[in-house]
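Asker: I'd like to ask you about the structure that follows.
The values are calculated or read from the model by the stated rules, or taken from the named source; none is laboratory data. Keep in mind the model is a prediction, meaning the values are calculated, not measured. Reconstructed Cβ throughout: ideal geometry from the backbone, glycine too, with neighbour counts over all protein chains shown. Accessible surface areas use protein heavy atoms only, side chains included; no ligands, DNA or RNA. Shrake-Rupley method; radii C 1.70, N 1.55, O 1.52, S 1.80 Å.
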Amino acid sequence: MKTIKIPNKSWVLVCDAAKALLLRNDGDGEHLNLTPVKIEIEDHPPTHELGTSPPGRAFASSDGRRSAMSESNLHELAEERFLASAAAELARQTRAQPIERLLLVAPAKALGFLRKHLDPSVDEVLSGEVAKDLAHLPVWEIERHLTP
């Protein structure tokens, strides 16, 4: 893993598709002291518990044929909505606070989805990304993983 310095007062978003930890480094680049600023946790039940609706039908305009469309994965849709709301919260925080640097830490799939929803104000302060799933860890262990 490439070493990433997290200077004093940098912000770190550690998230996956159900938990988001917005942290601020009150230490320095060598000795992290990540302080929670905001924590969001959402429970996503499996798709079979969320219920399903029958797949839709598509009609071809040229010959009138019909074909079935695939079923929606409601669990994945809930995860994507959560990540979109995390990106929106980052934009709100960036406008409300003087954030100079931000590091995103999330699994690769979640990072890709977050990138699509990042506000330009967040893009301006984004200093790096780490493709790791650390959201389930306590803050002290996240610090250990991110310390150079």
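Asker: Can you confirm whether the range 87-94 contains a residue that is outside any helix (DSSP H, G or I) and either open to solvent by less than 70 Å² (accessible area, probe 1.4 Å) or free of Cβ contacts under 8 Å to residues at least 40 places away in the same chain (or both)?
Answerer: no
Asker: Being surrounded by 14 or more Cβ atoms within 10 Å (Cβ to Cβ), at pLDDT 95 or above and in contact with a Gly (Cβ under 8 Å, 6 or more places away or on another chain), is that true of even one residue in the range 128-140?
Answerer: The answer is no, given that none of the residues of the range 128-140 is surrounded by 14 or more Cβ atoms within 10 Å (Cβ to Cβ), at pLDDT 95 or above and in contact with a Gly (Cβ under 8 Å, 6 or more places away or on another chain).
Asker: What helices (runs of 4 or more DSSP H), lying completely within the range 101-148, carry at least 2 residues that are among the aliphatic types (A, V, I, L, M) and more than 18 Å from Ala18 (Cβ to Cβ)?
Answerer: So the answer is 120-125.
Asker: Every residue in the range 9-28 that is part of a loop (DSSP other than H, G, I, E, B) and more than 13 Å from Leu103 (Cβ to Cβ), please.
Answerer: Asp16, Ala17, Ala18, Asp26, Gly27, Asp28
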